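The values are calculated or read from the model by the stated rules, or taken from the named source; none is laboratory data. Quick caveat, the model's predicted, so the values are computed rather than measured. Heads up, the Cβs are rebuilt from the backbone with ideal geometry, glycines too, and the neighbour counts pull from every protein chain shown.
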Amino acid sequence: MSARIIEVEGIGKRYWLHGRTRGYRTLRDTVSDVAGKPAQWARAMFGGAKNPARKEEKAHFWALKDVSFDVGHGEVVGIIGRNGAGKSTLLKVLSRITEPTTGIAKVYGRVGSLLEVGTGFHPELTGRENIFLNGSILGMRKAEIERKFDEIVAFAEIEKFIDEPVKRYSSGMYMRLAFSVAAHLEPEVLFIDEVLAVGDAAFQKKCLGKMGSISRTGRTVLFVSHNMSAVQSLCTRVVWLNRGQVHEFGDTRAVVSRYLQTAARSASEESWPDPENAPGNDKVRLKRVAVLPFDDRPITVETPFRIEIEFWNLLERATLNTAVEIFNHEEICVFSSFSRPQEMTPGSVTAVCHVPGELLNDALYRIKVFLVRDAREQLLIRDSVNFEVHDVEREVAYFGKWTGVVRPALRWTVDAQPDGIESQRQSVTVER
């Protein structure tokens, strides 16, 4: 194995949940608390009141707990897990943005981090100025940044807007420039946290290609993503986090397969009731994705079902359509489908895709949702819910699993001729 460039030993991160987050305190609040302390201690000593400090001890949670793994030089390692599993917190600890509560993390070499869109950018500065600012934060010399400047701008596709303040950029332009800076300024270790969730398909493909070329130059990458296709194509090994702990660490294909199987059995619906915290941007926000049978029974190879997608449209008079891609547990795209483009005003939208029975083979499946404007601009791409299609008992005996990605009920015709081979056999028998 190559020399270790990242060593994580027993990392834990604890966050407190008590009243420190309840806004600012005034001088009157402080004086009142100090004046009331003697009475509080008297009640605690003589009245049997519980020590308030004990209550605070329980008011915390562990975002990470006893996380340990090593990454070799030049490896691309994926970090997967459900929302809230601790993936982003782990990268923030490794990037020295936040200190761990327990354990130690060692990273050898210059680190570049792309943890959120535009991290390290100043909104009042232009794109040009932010390239130099971000490069300096990464420890690059001015000559190095100037040498890479034209390549960064060309990759981000923002030549016309490079001297505009980045506060005027769209979320897609922000993301393109942020990724381009982080990818081209040649850090020895690169941390990337789900930056491919927005933008058009062509730029996503270019980002994946750039990440692949980065890994081939011997640089080390930690890649957080819900896009299992990207994880499997880029990563040699995967860390699966579950509730802040390492559930599994190993070969990408094996770990991802088990992760998808577990997720498929537990999540066939996902919703975000609060639009402020829902996935999306200033154009669209995802509200709900669900896979539902047409009755209360499990989905089988024979039964139809529907995929319901609800979202908030935030655009005036926009022509939008919804699309889905269905992947099986081997990350093969089984089929894709899209609704007709329709002009919409701001509000809630529900799109339903009707999937007929006798189409899918029995397997675990994952849905990728697309929200598209003018049939070409992808406003949102989201790996969403998983579901399982079950087999049914058949009149025809068959030993083993039916092969194939799909399992359609196709029309057959069989013409049996009673005076064919059997008659010839009878005549041969007579001659003998």
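Overview of results
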read-out	value
Tally of residues being touching a Ser or Thr at 6+ places or on another chain (Cβ under 9 Å) and closer than 27 Å to Arg317 by Cβ across region 328-351	8
Any hit, region 99-121, residues being of a type in the set (S, T, N, Q) and buried (at least 17 other Cβ atoms within 10 Å of the Cβ)	yes
Hits in region 154-166 (condition: surrounded by 12 or more Cβ atoms within 10 Å (Cβ to Cβ), over 23 Å from Gly209 (Cα atoms) and without any contact (Cβ under 8 Å) to a residue 40 or more places away in the chain)	Phe161, Ile162, Glu164
Verdict on Glu151 being in a helix (DSSP H, G or I), exposed (fewer than 14 other Cβ atoms within 10 Å of the Cβ) and not β-branched (Val, Ile, Thr)	yes
Residue that is surrounded by the most Cβ atoms within 10 Å (Cβ to Cβ), among those in region 296-316 that are over 17 Å from Ser384 (Cα atoms), modelled with pLDDT of 90 or more and of a type outside the set (A, V, I, L, M, F, W, C)	Asn313
Qualifying residue in region 231-254 (condition: charged (D, E, K, R) and under 30 Å from Gly357 (Cβ atoms))	no
Hey, Thr252 over 24 Å from Val392 (Cβ atoms), modelled with pLDDT of 95 or more and either within 16 Å of the chain's Cα centre (by Cα) or among the hydroxyl-bearing types (Ser, Thr, Tyr) (or both) or not	no
Those residues of region 274-287 which are within 14 Å of Gly347 (Cα to Cα) and in contact with a strand residue (DSSP E or B) (Cβ under 8 Å, 6 or more places away or on another chain), in sequence order	Pro275, Lys283, Val284, Arg285, Leu286, Lys287
Residue identified as under 18 Å from the mean Cα position of the chain (by Cα) and free of Cβ contacts under 8 Å to residues at least 24 places away in the same chain among Asn277, Asn242, Asn328	Asn277
Filter result (closer than 18 Å to Asn313 by Cα and crowded, with 20+ Cβ neighbours inside 10 Å) within region 271-295	Pro279, Gly280, Lys283, Val284, Arg285, Leu286, Lys287, Val289
Scan of region 60-84 for residues that are farther than 15 Å from Glu99 by Cα and in a strand (DSSP E or B), ordered by number	His60, Phe61, Ser68, Phe69, Asp70, Val71, Gly72, Val76, Val77, Gly78, Ile79, Ile80
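Condition check ((1) surrounded by fewer than 20 Cβ atoms within 10 Å (Cβ to Cβ); (2) outside the structural domain of Glu377 (by TED's automatic domain parsing); (3) at pLDDT below 85; (4) more than 20 Å from Phe155 (Cβ to Cβ)) across all residues:
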| position | (1), (2), (3), (4) |
| --- | --- |
| Val198 | no, yes, yes, no |
| Cys207 | no, yes, yes, no |
| Ser233 | yes, yes, yes, no |
| Leu241 | no, yes, no, yes |
| Gln261 | yes, yes, yes, yes |
